[in-house]
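Coordinate-derived values only; no laboratory data. Worth saying up front: this structure is predicted, and the values here are computed from it rather than measured. Cβ placement follows ideal geometry from the backbone for every residue including glycine, while neighbour counts extend to all protein chains displayed.
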Amino acid sequence: MTEAKEKFIMLPTVDVCFKALMNNPKVRKGFIAALLKREPETVKETVLLPTALRQDYPDDKLGILDVRVMLENGTQIDMEMQVAYFEYWDARVLFYLSKMFAEQLKKGDPYEKLKQCIHVSILDFIQFKEEKECCHTISFCDEKSGKKYSDLMEIQILELKKLSGTGFQREEDIINWMRFLGGKTRKEFEDMARTDEYIGEAYEELKKLSADEQAKLEYEAREKAIRDYNSQMGSALRRGMEKGMEAGLKRTALNLKKAEMSEEQIAQMVEKDISTVKEWLNEDK
């Protein structure tokens, strides 16, 4: 394997590759069959629908890449893979699912024309922190009985960060696909390629993509953008925590002053130098 291929196989930004992978009809059929818990042979036809880069970030390299597919029976599936944490992902998913559902009807069309719409989120961050399951299917249902109200709208959320173990044993089909999409090394991809002929096809497609120099530059640019974004978010969080701690110490110093403690005693209590304590106390005058 060439150096370029080796580097590609170890790229963590599989979301960039995902859209390209879904251009392969066999890969698309295998993945959708796993999502729907069906045998691939029963997925007769999948047609890619046009989509655009969704600008949820200022940097276009962080735009969320989505793939929309229509099945033979009219069902539409919108699949998105997201590696950077997104605070309002739940609201965002509802917005795009509702938009996809409503766009089926033109003025005057009857409601019976509406077909099932499914939004699939493939996340490289944890959305449901209190739950151990990595796969979630969400639909409208009665809160008391749990009976499904309608299957016309459905959300599937796959959390890659919750996967554990090596993953080359035979597991539920969608878990195998998740392990493949979350792969970081050549060995992980090769191990998963042996579990299923459709994943094997996806691996062969990855190897072809790795030879494309333009694609390689795009992968590297996106990886850098995501790395920079995460670094900036981490720095902002640290700065916020530091400011919060300083504000808390300042309030403590003011309360201790009201309790008629000396500036020297206050400095010792809050573990700050006397000049900083004096500055805080003077700000309150």
## Note on the structure
Sorted on mean Cβ neighbours within 10 Å (highest first), peptides 255-262, 156-163, 117-124 come out as 117-124, 156-163, 255-262
### Task
Would you kindly state how much longer the chain becomes between K44 and T276 on full extension, computed as 0.36 nm times their sequence separation minus their alpha carbon distance, in nm to one decimal?
76.3 nm
#### Entry: Sequence ranges 41-47, 70-76, ranked by mean other-Cβ count within 10 angstrom, highest first
70-76, 41-47
### Task
Multiply the residue separation of L152 and E103 by 0.36 nm, subtract the distance between their alpha-carbon atoms, and state the gained length in nm to one decimal.
16.3 nm
